[in-house]
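We did not get these values from a lab; they are worked out from the coordinates using the rules stated. Predicted model, so just to flag it, every value in this text is computed and none were measured. When we count neighbours, we look across all protein chains shown, and the Cβ atoms used for this are built from the backbone with ideal geometry, even at glycine.
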Amino acid sequence: MSVPTNLPASPPTDEISDIDGAWLSAALGSEVTNVTALRVGTGQMGQSWRLTIEWADPANGLPKSFVAKMAGGDPETRTLIADGYRGEYLWYTSIGSTVDIRIPKCWYATITDDSVSFVLLLDDLAPAEPGAQIPGVTVPEAHVALREMAGLHGPRWGHASLLEIPALRPPSEDGAGFHAQIFAGAVPQFVAQFGEWMSSDDIETLNDLSTWMGDWLLSRLTNLTLIHGDFRPDNLMISPNGSPITTLDWQTIGLGFAGRDLGYFLGLGLDTELRRANERELVATYHDAITKHGVDITLEQCFDDYRLGTPQGPLVTVLGAVYATATPSDASNAMFSSMITRSCAAIRDLDPRSLL
């Protein structure tokens, strides 16, 4: 089914109250007699709602519940992350169907011209539940997730057609310099907010990383592929028995070397001791899956990519915490603290700088 987009009867909105029976009837092409909305998730860059729907025609073949994903936070802040909103809109309307990773079906998508407001109507994946950052995923869940990750990276690995995707550009010297400068400027603010939960080693690791972030962002510019950018437990919907796993939250979709997702997920998605004890076997699972997509890469090359990818953890964590549109809470503080301590430990363990 193609995704209906930007129908004038159902424009983008920032208010869940606007997504009423009339809005949904126009968007989905069948009369809605009643809708109730319940907030779900703890998104830092947007808001998600579970919509329970009563149809005038219960036999219309449409689901009785959806998840509506929308922009969140004040409009001024949202202008800073509008590219992320546009990237996710493009993912569900054109990019996601070109790879082999499990994602929720998108039934409707709409976005403003300036990309600061959007609405996606997605499959409700219950009884699957999102993973949780604090405990992290289990080792069996990590093996399943890595096979999914390979389905994102493998099908378009190194394809020239990636350079034709609107809004997705490979890393550039100017871009790397800009993001390195933003990261270095955000580190003191992050430490001021989260330093009480960080060890002195973590703070030292973070400050050191800010001196070579620009070089890292320009590393491995061959064999670019689609990367999720924020592949962690909270963005995975895990079935009750641990499989299948469905990947959400595509606002950070981009072009890069695959190790950025691999180092990020293993570096902060598992308890540190679990990661240390199982990383070789986990990377081997990813390697086996990626080669089945026709990618010619050795296991040791995969492991080096994993090592080199670990700075993605502090990059996303620091910028995500400092520029989040959501109000800080005990839950978000605990999440970001877990992410930074685990990813800094992974950098010290795996020494990505030596691979630059």
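Just a few scattered comments:
- Rounded to 5, the percent of DSSP beta bridges in the chain classed as antiparallel: 95
- Gaussian network model of the chain, springs between alpha carbon atoms under 10 Å - residue of ALA277, ALA59, ALA186 with greatest fluctuation: ALA59
- When each of THR285, THR310, THR77 is scored by the number of other beta-carbon atoms lying within 10 Å, the sequence from fewest to most is THR77, THR285, THR310.
- Tilt relative to the chain, helix 312-323 - C-alpha long axis, 0 to 90 degrees, to 10: 50
- Angle between the chain longest axis and helix 173-194 axis [Cα atoms, degrees, rounded to 10]: 90
- Shape box of the chain [Cα atoms, principal axes, largest first, Å]: 62, 45, 39
- Local charge for ASP234 was computed over the other residues whose Cβ lies under 12 Å away, with Lys and Arg +1 and Asp and Glu -1, and equals -2.
- Estimated inter-spin distance, GLU173 and ASP57, nm [label 7 Å along Cα→Cβ]: 6.1
- The ranking of SER200, SER65, SER210 from fewest to most other beta carbons within 10 Å of each one's beta carbon is SER200, SER65, SER210.
- A protection proxy built from the mean count of other Cβ atoms within 10 Å ranks the segments 225-232, 153-160, most packed first, as 225-232, 153-160.
- Counting only Cβ charges, +1 for Lys and Arg and -1 for Asp and Glu, the dipole size of the range 16-123 around its Cα centre is about 360 debye.
- Between helix 299-309 and the chain: long-axis angle, C-alpha atoms, 0 to 90°, nearest 10: 80
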